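Undergrad: Input: one structure, supplied below.
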Amino acid sequence: MGKKAVCIHAHYYQPSREDPITGVIPIEEGAWPFRNWNELIHEQCYRPNAELGNFEHVSFDIGPTLINWMISYDPATVSKIVNQERKNFSRYGVGNGMAQPYHHTILPLANYHDKVTQVEWGIADFVHRFGHRPAGLWLPEAAVDLESLEIMVDRGVSFTILAPWQAQEVEIDVGKPYWVELNAGKRIAVFFYDAELSMRVSFDPGATSNGDLFLKEVLLPKFSSNGKHGTSGELLVIASDGELYGHHQPFRDKFLQYLTQWGGLHQQIVDFVYPGRWILEQPPQKTLKIRENTSWSCHHGISRWMEPCPCSPHGDWKTQLRKAINQIAAAVDEPYVDALKDKIQDPWSLLYRYIDVLHGKIGIRDLLDDVFNRSLKLEEQQKIDLLLRAQLNKQRMFTSCGWFFDDFDRLEPRFVINAAAQAVWWTKLATGIDLISKGREWLSMVHSWRSGLRGDVVFSGQIDRVRYEQLAFPFLQTERERF
C-alpha cells in the first residue's frame with residue numbers, strides 16, 4: 001500500500017419490513033412504482049452497485065435484515081456481493097466486509113444480554129453469508145459504549161469506525177487508527193472517519209458529480225494540507241450511507257465505480273483500501289478514550305433514539321415509546337427466564353444459539369435436543385419454541401429507525417409496535433401470561449404530534465389481527481406437528 005490511502009465505507013441497512021404474521025412486506029405506497037421501499041432501493045442502489053463491482057473496492061457493512069430479504073428477492077445480486085468481498089479475503093486473508101448487529105439496535109440503550117444477542121447474531125449472519133469471520137463490526141448509528149466494545153472484542157472483532165467527535169481528545173489525527181483500552185487488558189482499534197470529506201460526499205451532490213475533479217479538488221488537498229505525516233502512511237476514511245450511491249443521489253454508483261476502479265489519477269497517487277487490510281500493515285500506535293453514548297448522526301449523544309433533541313424537537317413520543325417498549329421487553333423476558341432457569345445455567349445462551357434455527361442450519365427440535373440432552377417433554381419443547389419466537393420479536397422491537405424520524409405516525413414506529421404485539425402474543429400462547437392490557441396501557445401515552453395516532457391503537461390493531469389470523473397460520477401448526 002502507498003503512503004496515501006483512502007477508504008470509502010458504505011453502510012447498507014433496511015429494517016425488517018415483513019409483516020410478522022404473514023412474513024411478507026405489505027404494499028408501501030410511497031415506494032411506487034415498486035411494491036415496497038426495499039424493492040425501490042434495490043433497483044436504484046444494491047443491484048447496480050453489485051453489477052458495477054463496487055462491493056469489491058469499498059469497505060461496507062450490510063444489515064442482516066436487508067440481506068435476508070435480498071436472498072429471497074434477488075439471490076444473484078447477493079452472490080455478486082459475496083463473491084466480490086471474498087476476492088479480497090482470498091487475496092489478503094481479511095475481507096472488506098464488516099458485520100453489523102442483527103436488528104440495528106442502538107446498543108448503548110440495550111441491556112447486556114440484548115447487546116450480546118445482537119452482536120452474536122450479527123457475526124453469525126456475516127459468517128453464514130460470506131463464509132469467514134469479520135474483522136470489523138459497524139455499530140448501528142455508530143452509537144458506542146465500552147460494554148458493547150468489550151462484547152465485540154470477546155467475539156473476535158478487532159476494529160470499528162467512529163466519528164471524530166466520538167473521541168474524548170479534542171484534536172485527533174483522522175489519518176491514523178487508535179487503540180481504545182478496555183477491561184482486563186483488552187483493546188480494540190478505532191478508525192475515525194474524516195468529517196469534512198464524509199459530509200461533502202453525503203450532502204454535497206456537486207462535489208461528487210465528477211470523479212476526477214473530486215480526486216483533484218476535494219480529496220488530494222486533504223493529504224497535502226495537513227503536513228503531519230511525512231513518510232508515514234495515512235488513511236483517510238469516508239463514511240456514508242450505502243444508499244447514497246444511486247438512491248439518495250442518482251448516478252453516484254457510477255461515480256463510485258469510476259473513482260475506485262477507472263480513474264487514471266488515483267493509480268499513481270492514492271490507494272483505495274479498507275480498514276481490515278490497513279491494520280495488518282499499519283496498526284495503531286497511540287491510545288485514546290472514547291466519548292460513550294455518542295453517535296455519528298446525532299450530535300446530542302444518543303438522544304435522538306430516546307427523547308426530544310434539537311435534531312427532532314417534537315420528540316416527546318420517543319420518550320414514551322422507549323419507556324413502553326422497555327416495559328414490554330422486561331415483561332417478555334421474565335417468563336422466558338422463569339421457564340429455563342432450572343433447566344440451563346444461562347437461559348440467554350439458548351437464545352444466542354437460536355440464530356442457527358433462523359438460518360435453517362438446524363431445526364428447533366434438534367436445537368432443544370442438543371442443549372437439553374433430549375430431556376424435555378413435548379409440552380416443554382413447544383413452550384420454549386414459542387418463547388424463543390417471542391424473543392425474536394422482542395429483538396425486532398428495538399430497531400433504531402423506529403425512533404429516528406420526527407413523528408410517530410410513520411411506517412418505522414409501526415414496525416416496532418407490531419413486533420411488540422407479536423412478542424406479547426407468543427408469550428401468551430407459551431405461558432398463558434396475558435400482557436395485552438399492560439401493553440395497551442404502556443403504549444397509550446405514545447401519540448403523533450401531527451395526526452394524533454396513538455401507540456395503543458396500533459398495538460390493539462395488530463393484536464386483533466394476530467388473534468384471528470395467527471391461529472390458522474401454517475408454520476405454527478407445522479412446528480407443533482413436527483414435535
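Undergrad: When you check residue 42 against the structure, is it within 23 Å of residue 271 (Cα to Cα) and crowded, with 17+ Cβ neighbours inside 10 Å, yes or no?
TA: No: the conditions fail for residue 42.
Undergrad: Something else about it: Only one of 190, 201 is at pLDDT 90 or above, within 23 Å of the chain's Cα centre (by Cα), surrounded by 19 or more Cβ atoms within 10 Å (Cβ to Cβ) and assigned to a helix (DSSP H, G or I); which?
TA: Within the list 190, 201, the selection yields 201.
Undergrad: I'm trying to understand the selection: among the residues of the stretch 351-366, which are out of contact with any helix residue (DSSP H, G or I) (no Cβ under 6 Å at 6 or more places or on another chain) and hydrophobic (A, V, I, L, M, F, W, C)?
TA: Of everything in the stretch 351-366, just one residue is out of contact with any helix residue (DSSP H, G or I) (no Cβ under 6 Å at 6 or more places or on another chain) and hydrophobic (A, V, I, L, M, F, W, C), namely 358.
Undergrad: Kindly indicate whether any position in the stretch 377-394 is part of a loop (DSSP other than H, G, I, E, B) and either touching a residue at least 12 places away in the same chain (Cβ under 8 Å) or within 30 Å of residue 452 (Cβ to Cβ) (or both). Write out each step before concluding.
TA: Filtering the stretch 377-394 down to residues part of a loop (DSSP other than H, G, I, E, B) leaves 377.
Narrowing the set further to residues that are either touching a residue at least 12 places away in the same chain (Cβ under 8 Å) or within 30 Å of residue 452 (Cβ to Cβ) (or both) leaves none.
No, because not a single residue in the stretch 377-394 is part of a loop (DSSP other than H, G, I, E, B) and either touching a residue at least 12 places away in the same chain (Cβ under 8 Å) or within 30 Å of residue 452 (Cβ to Cβ) (or both).
Undergrad: Shifting gears a bit: Among all residue pairs at least 6 apart or on different chains, which show Cβ distances below 6 Å where the first residue, located in the stretch 158-174, is assigned to a helix (DSSP H, G or I) and the second is surrounded by 19 or more Cβ atoms within 10 Å (Cβ to Cβ)?
TA: 164/174; 164/192; 166/290; 166/294
Undergrad: Related question: Just to be sure before I move on: is residue 23 surrounded by fewer than 16 Cβ atoms within 10 Å (Cβ to Cβ), farther than 30 Å from residue 271 by Cα and modelled with pLDDT under 90 in the structure I sent? Before the answer, list the steps.
TA: Numbers: surrounded by fewer than 16 Cβ atoms within 10 Å (Cβ to Cβ): yes; farther than 30 Å from residue 271 by Cα: yes; modelled with pLDDT under 90: yes.
Yes; evaluated as a whole, the condition is true for this residue.
Undergrad: Run down 385, 434, 409 and say which single residue is surrounded by fewer than 18 Cβ atoms within 10 Å (Cβ to Cβ), acidic (Asp, Glu) and either in the same structural domain as residue 105 (by TED's automatic domain parsing) or under 27 Å from the mean Cα position of the chain (by Cα) (or both). So that I can check it myself, show each step before the final result.
TA: On the way: 385 fails: surrounded by fewer than 18 Cβ atoms within 10 Å (Cβ to Cβ); 434 fails: either in the same structural domain as residue 105 (by TED's automatic domain parsing) or under 27 Å from the mean Cα position of the chain (by Cα) (or both).
The conditions single out 409.
Undergrad: How many residues are farther than 12 Å from residue 129 by Cβ and either assigned to a helix (DSSP H, G or I) or modelled with pLDDT under 95 (or both) when one looks only at the stretch 56-94?
TA: Residues in the stretch 56-94 being farther than 12 Å from residue 129 by Cβ and either assigned to a helix (DSSP H, G or I) or modelled with pLDDT under 95 (or both): 15 in total.
Undergrad: Follow-up. Taking the criterion of being among the hydroxyl-bearing types (Ser, Thr, Tyr), more than 28 Å from residue 394 (Cβ to Cβ) and buried (at least 18 other Cβ atoms within 10 Å of the Cβ), would at least one residue in the stretch 90-101 satisfy it?
TA: No, because not a single residue in the stretch 90-101 is among the hydroxyl-bearing types (Ser, Thr, Tyr), more than 28 Å from residue 394 (Cβ to Cβ) and buried (at least 18 other Cβ atoms within 10 Å of the Cβ).
Undergrad: Also, quick follow-up: Just a yes or no: is a residue in the stretch 308-317 at pLDDT 95 or above and either in a loop (DSSP other than H, G, I, E, B) or under 22 Å from residue 426 (Cβ atoms) (or both)?
TA: No, that holds for no residue.
Undergrad: Moving to a separate point now. Can you tell me which condition residue 336 does not meet? The list is (1) modelled with pLDDT of 95 or more; (2) among the aromatic types (Phe, Trp, Tyr); (3) surrounded by fewer than 16 Cβ atoms within 10 Å (Cβ to Cβ), and all the others hold.
TA: (3)
Undergrad: Output the qualifying pairs, or none if there are none: Cβ atoms under 7 angstrom, residues six or more apart or on different chains, first residue in the stretch 313-341 and without any contact (Cβ under 8 Å) to a residue 24 or more places away in the chain, second residue of a type outside the set (S, T, N, Q).
TA: Filtered contacts from the stretch 313-341: 319/306; 319/307; 337/347; 341/347.
Undergrad: Hey, can you tell me all the residues within the stretch 407-426 that are without any contact (Cβ under 8 Å) to a residue 60 or more places away in the chain and over 13 Å from residue 463 (Cβ atoms)?
TA: If the condition is that a residue be without any contact (Cβ under 8 Å) to a residue 60 or more places away in the chain and over 13 Å from residue 463 (Cβ atoms), then 409, 410, 414 are the ones that fit.
Undergrad: Pull up the stretch 135-148, narrow it to residues that are buried (at least 24 other Cβ atoms within 10 Å of the Cβ) and assigned to a loop (DSSP other than H, G, I, E, B), then point me to the one that is farthest from the chain's Cα centre (by Cα).
TA: Selected residue: 135.
Undergrad: Moving to a separate point now. Tell me which residues, restricted to the stretch 339-361, are of a type in the set (A, V, I, L, M, F, W, C) and surrounded by 16 or more Cβ atoms within 10 Å (Cβ to Cβ).
TA: Within the stretch 339-361, 339, 340, 348, 350, 351, 355, 357, 358 meet the criteria.
Undergrad: Identify the single condition in (1) crowded, with 17+ Cβ neighbours inside 10 Å; (2) at pLDDT below 95 that residue 395 does not satisfy, given that it satisfies every other one.
TA: (2)
The values are calculated or read from the model by the stated rules, or taken from the named source; none is laboratory data. No experiment lies behind these values; they were computed from the predicted model shown. Every residue, glycine among them, receives a Cβ derived from its backbone with ideal geometry; neighbour counts consider all protein chains shown.
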